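Asks: Take this structure, written in structure tokens, and hold onto it; I'll ask about it next.
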Amino acid sequence: MVGPSTIAHNNYATNTASILRGGNNAAGPISNLNATSPYRVQVINDFDTSNTKLYYGDNAAIGGLDFDAWPAQIEYLATRLAGVPAAKRWLNYELGRNGISRSLSEHKAALDRDIANARSKGFSKIFLNKLWFRTSSTSGWEKGSANRQKIVDINAYIDQLVAAATDLVIVDLPVFMHDPSTGSGLNVEPYSDAVRNDGQHISSRGGRRASKAYEAAVAPFVVAKTFPTPASENKIPAMAGSGGALGPATGEVYSGFTLAAAGSAITTVASRVTNGGKPYQRLAFSGMSYIGSSGASIEMRSDGFAATAGERVNWRCKVRIPATQNPYMFYAALEGGSNTTGARSVAFAPARTDLSTDEVVTTTGTTLTSGSVFNGAADTEDREFWLEGTLPIHVDVDSPLTVVVRFLLRASAVDFVAEIGEFQTFNWAG
């Protein structure tokens, strides 16, 4: 992945200490594609070398830069993916808007240069993002402005390039990011819930919208995937019984699991349900009253299970969230091991947190504290998340491991429901 911050925000995991804050850069459309669509094209890992034993980077994008920096990003990815067969070596590329003050001919030359470079490095498909307008309240991006006209001209050039090549594919972001009810041509605005208050970065809900552009782009080239049945080496017993620890909740929790809450009073009713004939833990939250920037968290954690030295253990699970106007985020993880303190293999439900200003998407029925800095993903659609570890935990000595799903919620008058199930581990062969 090559480009500016709008591409950098497609990271799918982190190994930062404050893990609930680690979703900062997970709001992007490809993060959403991998978490909510059957067209899972790859795992997006953090561009973070602080713990190379667990994490690698296949997202080379860096915020704040313009297209002069893209050749170095392509070079990095070519080296990293050198062992990947050409047929599977795809590049997502965004020219970006940080160089908008530069001439149209410079933008075109950068596109030509980078496409030629990517081809020479063996990338078999190059997905070119069309650019969408920043909001008209952003300086220089007023309706009818020269910047908007330049975006139209750049997108037209992308159309021209793709029409003349079989290895180039359009990702038509404006179709999903621009709200036709606001105008047309140079006067159209992004959907109000699709961008943050800075008018230029994708919000949590915008990531959901934009993921549909990626799904349309990749669907002709990939096969929709189905959730695997547990492998023979799966270490997590099937969810059964009702002997789990309720913690702050009332109701029933499957044996071998524990609920715990932090930060606030959250009324939680736990029940055992089935989806597709498979057991799921249902958690119904209400009465969130926490006031502050961190929100309130509640987690569901498994009892420890044994892992043997030398194993590389990965995991996956499903989380179902009915349509809700309550902003939320959550992550799931495999935790434990002795190779590093608090070793984790993590996947996030794509969301944006830890903002410096109030950039919450507020919608009808949602009550948030004034000054809130939480931008979770309130959704008008039911969501089924398939979360899977970005990379495994390397077990150095015999160690217990656990799986955990942790939710971060804001004070809200709207109730929130989640259903969690189909936990499984598998040996990493990558």
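The values are calculated or read from the model by the stated rules, or taken from the named source; none is laboratory data. For clarity, every value in this text was computed on a predicted model and none was experimentally measured. Quick reminder, even Gly has a Cβ in these numbers, built from the backbone with ideal geometry, and neighbours come from all protein chains shown. The protein model used for the area step is the full one, side chains on, heavy atoms only, and it has no ligands, DNA or RNA in it. Shrake-Rupley method; radii C 1.70, N 1.55, O 1.52, S 1.80 Å.
Asks: Is any residue of the stretch 111-155 close enough, with backbone N under 19 Å, to a label point placed 7 angstrom from the Cα of residue 75 along the Cα-Cβ axis, and if so, which?
Replies: Flagged as within label range: 111-123.
Asks: With a 1.4 Å probe and all protein chains left in place, how much accessible area per residue does the stretch 130-262 have, in Å²?
Replies: Counting only protein heavy atoms, the per-residue value for the stretch 130-262 is 44 Å².
Asks: Please list, or write none, the lysines whose alpha carbon is within less than 24 Å of the alpha carbon of residue 278, excluding same-chain residues fewer than 8 places away.
Replies: List returned: 225, 235, 318.
Asks: Over the Cα atoms of the stretch 80-220, Rg to Rh with Kirkwood Rh, two decimal places?
Replies: Reported Rg/Rh (Cα atoms, Kirkwood Rh): 0.98.
Asks: Restricting to Cα atoms and excluding each atom paired with itself, what does the Kirkwood estimate give for the stretch 89-134 in Å?
Replies: The answer is 11.5 Å.
Asks: Can I ask one more? Among the lysines, which fall within straight-line cross-link reach of residue 121, defined as a Cα-Cα distance under 17 Å, with same-chain neighbours fewer than 8 residues apart omitted?
Replies: 88
Asks: If you place +1 on the Cβ of every Lys and Arg, -1 on the Cβ of every Asp and Glu, and leave all else neutral, what size is the dipole of the stretch 138-186 about its Cα centre, to the nearest 20 Debye?
Replies: Details: 3 positive and 6 negative charges, 40 e Å.
In total the dipole reaches around 200 debye.
Asks: Given H placed on each backbone N at 1.01 Å, which residues far from residue 179 in sequence or on other chains put an amide H within less than 5 Å of it?
Replies: 189, 191
Asks: Could you work out the equivalent-ellipsoid semi-axes for the stretch 171-279, taking the square root of 5 times each eigenvalue of the Cα gyration tensor, largest first, in whole Å?
Replies: So the three semi-axes of the stretch 171-279 are 41, 23, 11 Å.
Asks: In whole percent, how big is the carbon plus sulfur part of the accessible area of the stretch 201-255, probe 1.4 Å, protein atoms only?
Replies: Answer for the stretch 201-255: carbon and sulfur cover 58 percent of the accessible area.
Asks: Could you calculate the contour length gain from residue 146 to residue 224, that is, 0.36 nm times the residue separation minus the distance between their Cα atoms, to one decimal place in nm?
Replies: 24.0 nm
Asks: Would you mind getting me the FRET efficiency between residue 156 and residue 306? Use the beta-carbon distance for r and R0 = 41 Å, nearest 0.05. Walk me through the numbers on the way to the answer.
Replies: On the way: r = 59 Å, r/R0 = 1.45.
Efficiency, rounded to the nearest 0.05: 0.10.
Asks: Any idea how far apart residue 192 and residue 275 come out in nm if each label point goes 7 Å out from Cα toward Cβ?
Replies: 3.1
Asks: As an exercise, use a Förster radius of 25 Å and the Cβ-Cβ distance of residue 382 and residue 88 to find the FRET efficiency, rounded to the nearest 0.05.
Replies: 0.20
Asks: Just report the Cα centroid separation between the stretch 312-336 and the stretch 139-164, whole Å.
Replies: 38
Asks: Within the accessible area of the stretch 62-120, what % is carbon and sulfur when the probe is 1.4 Å and the other protein chains stay in place?
Replies: 59
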